[in-house]
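Written below as structure tokens is the structure these notes are about.
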Amino acid sequence: MIKKALFPAAGYGTRFLPATKSVPKEMLPIVNKPLIHYGIQECMNAGIYEIGFVTGRSKRAIEDYLDFNPEIEEKVKDSSKAKLLHETNEMINRCTFTYVRQKEMLGLGHAVLTGEPLIGNNPFAVVLADDLCEGDVLSQMVKLYKKYKCSIVAIEEVPQEEVNKYGVIKGKEIEDGVFMVEDMVEKPEVDKAPSNLAIIGRYILTPEIFELLKITKPGKGGEIQLTDALLKQAKESMVIAYKFKGKRFDCGSVAGFVEATNYFYKRDF
Ligand code: UTP
């Protein structure tokens, strides 16, 4: 039922300067695979093969990664290294990748709206590739979508002093780990947050979100916030928040990136 995913990947990645001057944050490798590789695998595990990217200036490396490179293929073809390209080639063969450019970086909400031509009138997943998840979070959310058929945000409990880095929800628990959203605040002050349930970079959105984004005014930080549009949707119809099972690494921060590198090195090598 969820066939498409959107990867907003136009942000500047300023927390990772100077690397992100020329390398897209989404292309930073966790061990030997860039962040988008893990995100796309998570999509494929959830049965999603139509993948759209919202990109911006200096993000062309993403397109190159998701295309064959005949010279390199030729170079490694009879060696043990050929298998290193196997997973990426499978992605290229099985998925379709489409791209649209966000010309001005006006926020995550604006990036999602920019992706509308790639999504159309369909429910879709949103993956922020710098949130690297272990445990097939999207598959869990797709299952939940089948039951509730509304927009879903993935949440996790974070230490109270860190709530100001996230969108934070207030909600009523309607089944184990599933909350009906009543309120949602983008980067609240630590002592004013409605809870410590923070939204992480996995969403399932119904296409009504596009109309709501079109009328969403700039919010926190002067950016068009997805959280603000989702709050409207929660009030007008229904949005649920899902405490996913698994582990998330904030690879947009140096500490999270190092933690993920150690974790995946131990897991995969
Ligand atoms: P972040 O808040 O992590 O911003 O964006 P950022 O620019 O990527 O990184 P920092 O904070 O400067 O280090 C969350 C997600 O939304 C995308 C980003 O690419 C990231 O996946 N985004 C954000 C856009 O695509 N466009 C925007 O205008 C803003």
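Within region 13-44, the set of residues being among the aromatic types (F, W, Y) and out of contact with any helix residue (DSSP H, G or I) (no Cβ under 7 Å at 6 or more places or on another chain) comprises Y38 only. Residue-level check: of (1) surrounded by fewer than 18 Cβ atoms within 10 Å (Cβ to Cβ); (2) of a type outside the set (K, R); (3) closer than 22 Å to Y12 by Cβ, Q102 misses just (1). For the residues E134, E175, the requirement of being within 30 Å of K266 (Cβ to Cβ), open to solvent by 40 Å² or more (accessible area, probe 1.4 Å) and of a type in the set (D, E) singles out E134. Filtered by the rule that a residue be within 16 Å of the ligand (Cβ to nearest atom) and either surrounded by 13 or more Cβ atoms within 10 Å (Cβ to Cβ) or farther than 30 Å from G221 by Cβ (or both), region 62-96 gives I62, Y65. Based on what the data block shows, is T14 crowded, with 19+ Cβ neighbours inside 10 Å and not basic (K, R)? It is false that T14 is crowded, with 19+ Cβ neighbours inside 10 Å and not basic (K, R).
Tell me whether region 44-60 contains one or more residues that are open to solvent by 20 Å² or more (accessible area, probe 1.4 Å), touching a Lys or Arg at 6+ places or on another chain (Cβ under 6 Å) and within 14 Å of the ligand (Cβ to nearest atom). Within region 44-60, not a single residue is open to solvent by 20 Å² or more (accessible area, probe 1.4 Å), touching a Lys or Arg at 6+ places or on another chain (Cβ under 6 Å) and within 14 Å of the ligand (Cβ to nearest atom).
The rows are residues; the columns are (1) over 30 Å from S151 (Cα atoms); (2) of a type in the set (D, E, K, R).
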residue: A5; (1), (2): no, no
residue: R15; (1), (2): no, yes
residue: I40; (1), (2): no, no
residue: N45; (1), (2): no, no
residue: F68; (1), (2): yes, no
residue: V76; (1), (2): yes, no
residue: L85; (1), (2): yes, no
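The conditions of being within 23 Å of M1 (Cα to Cα), aliphatic (A, V, I, L, M) and buried (at least 21 other Cβ atoms within 10 Å of the Cβ) are met by L205. Taking first residues from region 14-27 that are more than 8 Å from the ligand (Cβ to nearest atom) and partners that are open to solvent by 30 Å² or more (accessible area, probe 1.4 Å) and in a loop (DSSP other than H, G, I, E, B), the Cβ contacts under 9 Å between residues at least 6 apart in sequence or on separate chains come to K21/S58; S22/S58; V23/S58; P24/S58.
The values are calculated or read from the model by the stated rules, or taken from the named source; none is laboratory data. These numbers were taken from a predicted model, which means no experiment stands behind them. Backbone-built Cβ (ideal geometry, glycine too); neighbour counts: all protein chains shown. Just the protein is used for accessible areas: all its heavy atoms, side chains included, with ligands, DNA and RNA removed. Shrake-Rupley method; radii C 1.70, N 1.55, O 1.52, S 1.80 Å.
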